[in-house]
Each structure stands twice: as structure tokens, then as C-alpha cells.
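Report on one structure; see the data block that follows.
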Amino acid sequence: MSETSQLLAAIAGTGRDAVRGGYSRPVFAPAERELLDWCCAELRRRGLEPETDRNGVVWAWWNPGGAPLTGAVVTGSHLDSVPGGGAFDGPLGVASALRAVDLLRQRGVEPARPLGLAVFPEEEGSRFGVACLGSRLLTGAISPERALALTDPDGNTFADVARAAGLDPAGFGRDDEALARIGQFVELHVEQGRGLVDLGAPVAVAGSILGHGRWRFTVHGQGNHAGTTLLEDRRDPLLAASRIVVAAREVAAGHPGTRATVGRFQPVPGGTNVIASRVDLWLDVRHAQDAVTAAVVAEVSRRAAELAAGEGCTVEVREESLSPTVEFDPALARRLRAVLPAAPLLPTGAGHDAGVLAAHVPTAMLFTRNPTGVSHSPEEHCTDEDAELGSVALADVLQDLLLSPA
Ligand SMILES: [Zn+2]
């Protein structure tokens, strides 16, 4: 087994989801914290001392020359997962970063500037609803007031959960000092599609991230008895919500290149013999052109209002997050491709902390081949050989960056 796979093997038993399959590692919950402990232990084994900043981002610095922590090369990813996610989304980037440090040291590389390793909290947004929450707080893309008021499915606020994890809610917010430490950021991630399978290559350089957003639709009706309420007397929000799901697909199909998904749908109270009083559903929309994303959401919202009214219900639509299309730094992408001439340039439909950081510092990503093309699912995969090839590619890129001044 390759060194990269050995690192991942140490966490293969943590956060397994017996119901959904795969892994459920929500941020600040025990499984994610165990992974963070593993990461910190691996950092310390390499003589790198982890520190948590005021937004909950964990950093460690390899800085043999004692250079000032500014304009550093930084790599890293996240350790939280979606419910029932795969083994590689997030942890592969962290394991590859650790492995890259080992490779650089074996090669005798003496960095001309510091190398930082970073782990971002709540990248998936699977607990508090906003993806890349850690990097958004760090960069000021979300206000601390809004972030702290976010709630998880059990009704706990982000403020309370963060406090329980040892963070001070008063410290959250844009951190210019932390940002100034980053000269270039490079995130390695398992590919979340089948681009590399089709191209027959193990590693790609990212070109862009599709713009994407999440909207919460709340359909209000009247909760009532399933046996005594005549069909004509019902105001059933689940019926309206189901039609909204279908409408979202129809609207998306009318705008080529759009991806629209409802993956979460919650009737309240959710009893077999109860007509629901309310249904919450979440719409995820992505398109390369932000104007198309906006048009799709506007059209779905308009149809949702009609469909709800047709069932005697009402609907509220609330934007939970919105990230415009990100073009990664072209000069940095060119540089990565000069180091990795066999690596194709690939766009992605998945969001990443690198996409948030790209608005502030030169940022690049590497993707490692996923033979199933499936992600956010237990079927997500990366072969032993490709995992190691990804780490080697990351080390090659970091070496090139570290040996030149910022
Ligand atoms: Zn990820």
C-alpha cells in the first residue's frame, strides 16, 4: 500500500455511517474531531505544530529558515463530510499534503519561504447549511453575525457548537493577518466527476469552479388527519413541494448546462397518518454563467408560488448561499501545468475552499482521478496508485513554488 493510502487507512474506521453507508463526519462532531486529532498527530510527527485560528481553521507551518509568515505557499483541504459521503472528499487533500511534506524532505528541498498546511471547518455545509463556512468567515465572505446564528438540524446554533469546540464566537470574522500569510494556495481534491477517467490521466489542474448556490423553499399548508380530512378540504404542502421538485428539473432542462438538484426534503411533522403542515426543501443550482443561475432560481421560485397556490399553500424562498463562478489564477494554473505537462486542465461543478480563497490570493487546485466518477457517496473512489501519484504531483508543484521567492 502506498504511503498516501497508509495515511488514509488510519482513519478508515472513523465516522462510518451504518445507515447510509460511507461516512458521516459533520463539523465539530466526534468523528470530524477525531480526524482532526489524527491530522494534528501526523503534523506533530513531522515536527509541525498545529494551531487553530479564531475562525476554527487549523494551520501548521514548515518554516526551517524561520522566515516571516507572509507570502507562504499553503496547501490543505477539509475533514468534514456530507451525510453518507466517501472516504476521499477532503481527507485525500489532507493526506496528500502530509505525504507531500515527506516527499519534499526526502528530496532534500530547502524551502525559500514557509509552507503552510491548512484544514478548513464545515467545507461541506452539511451541518450549518453554508458551504465553505470556515474560508468564508476567514475572508469576510459571510458576516460573523449571520454565521453565528446558523443552526444545525438539531437546532443548535453555530455559536454554541463552536463555543463547545473551544472557539470564542467573539473572534469570528475576516482575518487579514491570516490571509496575508498566504502567497499561493494549492488544494488537492479527489475529482468529483469522470473527466480524468475519460481523458485517461491520473491528475488534472483545475480551470474553474461553476457558480453555485443553495435556496431553501418552505411550503406552508395545513397539518391535519389523514383519515378524516376529505381530499377537497386539504391544503397539503407535500403535494405542492413534490411538484416544485419536478418543476426545478423542468426549468433546469430549459437552460442548457444547468445542474439543479433537490437532495433534501423534510415534511413537518413527518408522520405516516398526518398531512404535513410544512415542507422544507433545498434547491442547489449551478451554471457557468451566474446570470443563468439567477434566471433559473427566479423561474423556479415563480412556478413554486403558482404550484403552492394551486394547493392552497404558500411558499417562502430564502437564499442560503451563493458563490459566483470562479476562474482560478491563470498564471498559477499555467505554472502548475508547466510542472505537470501531462495534466489536463479541467473545470469542476463542485465548490471548494480554494474557490472562496481565489477572490483574495492566487489559488490553484489539483484533482486526482476518481474511477467511479461518483462523489458525495460511498462509491467515491481513488486507487492506491493514483492517490500516491496525486501526492507526488502536489509535491512537484509545491517544490516549484517553494524554491522561488513569493
Ligand atoms: Zn471536498
- Square roots of five times the Cα gyration tensor eigenvalues for region 102-191, Å: 31, 15, 12
- Ellipticity estimate at 222 nm from DSSP helix runs (n ≥ 4, -39,500 (n - 2.57)) divided over the chain, nearest 500: -10500 deg cm²/dmol
- Task: Evaluate the charge dipole of region 230-356 about its Cα centre and quote only its size in Debye, nearest 20, assuming +1 on the Cβ of each Lys and Arg and -1 on the Cβ of each Asp and Glu.
- Result: 420 debye
- Message: Using the Karplus curve 6.51 cos²θ - 1.76 cosθ + 1.60 with θ = phi - 60°, what ³J(HN,Hα) values do you get for each residue of region 330-347, in whole Hz, with x for Gly and Pro?
- Response: x, 5, 5, 4, 4, 5, 4, 6, 5, 6, 10, x, 7, 7, x, 9, 10, x
- Task: State the extension gain, in nm to one decimal, for the chain segment bounded by Arg107 and Asp17, taking 0.36 nm per residue of separation less the distance between their alpha-carbons.
- Result: 28.5 nm
- region 219-303 - accessible surface per residue (Å², probe 1.4 Å): 54 Å²
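With +1 on the Cβ of every Lys and Arg and -1 on the Cβ of every Asp and Glu, and nothing else charged, how large is the dipole of the chain about its Cα centre, in debye rounded to the nearest 20? Please report the intermediate quantities before stating the final value.
Values: 36 positive and 51 negative charges, 65 e Å.
In total the dipole reaches around 320 debye.
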- Using the alpha-carbon atoms, what tilt in degrees (0 to 90, nearest 10) does helix 91-106 show relative to the longest principal axis of the chain? 0 degrees
- Item | Surface per residue (accessible, 1.4 Å probe) for region 312-406, Å² | 42 Å²
- Message: Taking the 0 to 90 degree range and rounding to the nearest ten, how far is the long axis of helix 384-402 tilted relative to the main principal axis of the chain, both from C-alpha atoms?
- Response: 60 degrees
- Task: Tabulate in residue order the Karplus-calculated ³J(HN,Hα) for region 281-289, using 6.51 cos²θ - 1.76 cosθ + 1.60 with θ = phi - 60°, rounded to whole Hz; enter x for Gly and Pro.
- Result: 9, 10, 9, 10, 10, 9, 7, 5, 9
- Task: Measure nothing fancy, just the Cα-based angle from helix 30-45's long axis to the longest principal axis of the chain, in degrees from 0 to 90, nearest 10.
- Result: 10 degrees
- The answer for Val186, listing residues at least 5 apart or on another chain whose modeled amide H is closer than 5 Å to its amide H, is Val74, Thr75, Gly76, Ala364
- Task: Quick one: what are the phi-derived ³J(HN,Hα) couplings along region 22-29, Karplus 6.51/-1.76/1.60 with θ = phi - 60°, whole Hz, x for glycine and proline?
- Result: x, 10, 10, 10, x, 4, 6, 8
- Query: Hey, what did the chain get for relative contact order, percent, Cα under 8 Å, at least 6 apart?
  - Reply: 23 percent
- Per the C-alpha gyration tensor (a ≥ b ≥ c, the square roots of its eigenvalues), region 68-133 is rounded if a/c is under 1.5, else prolate if a/b beats b/c, else oblate; here it's oblate
- Item | Top positive-direction residue, dipole computed over the chain with Cβ charges, set Ala331, Ser404, Gly140 | Ala331
- Query: On the accessible surface of region 259-382, probed at 1.4 Å, how many percent belong to carbon and sulfur atoms?
  - Reply: 54 percent
- Query: Using +1 on the beta carbon of Lys and Arg, -1 on that of Asp and Glu, and nothing else charged, what's the dipole of region 316-406 about the Cα centre, debye to 20?
  - Reply: 440 debye
- Message: Could you compute how fast the chain diffuses translationally, taking Rh as the Kirkwood radius over C-alpha pairs and applying Stokes-Einstein at 20 °C with viscosity 1.002 mPa s? Give it in µm² per second.
- Response: 97 µm²/s
- Task: Enter the Cα centre distance for the pair region 297-311 and region 363-395, rounded to the nearest angstrom.
- Result: 40 Å
- Message: Using alpha carbons only, how many angstrom separate the centre of region 1-71 from the centre of region 72-93?
- Response: 9 Å
- Note on the structure: Correct semi-axes for region 1-120, from √(5λ) of the alpha-carbon gyration tensor and rounded to whole Å with the largest first, are 27, 16, 10
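The values are calculated or read from the model by the stated rules, or taken from the named source; none is laboratory data. Remember, it's a predicted structure, so these values are computed and weren't measured experimentally. Ideal geometry is used to build each Cβ from the backbone, glycine not excepted, and the neighbour counts take in all protein chains shown. SASA here: full protein model, heavy atoms, side chains in, ligands and nucleic acids out. Shrake-Rupley method; radii C 1.70, N 1.55, O 1.52, S 1.80 Å.
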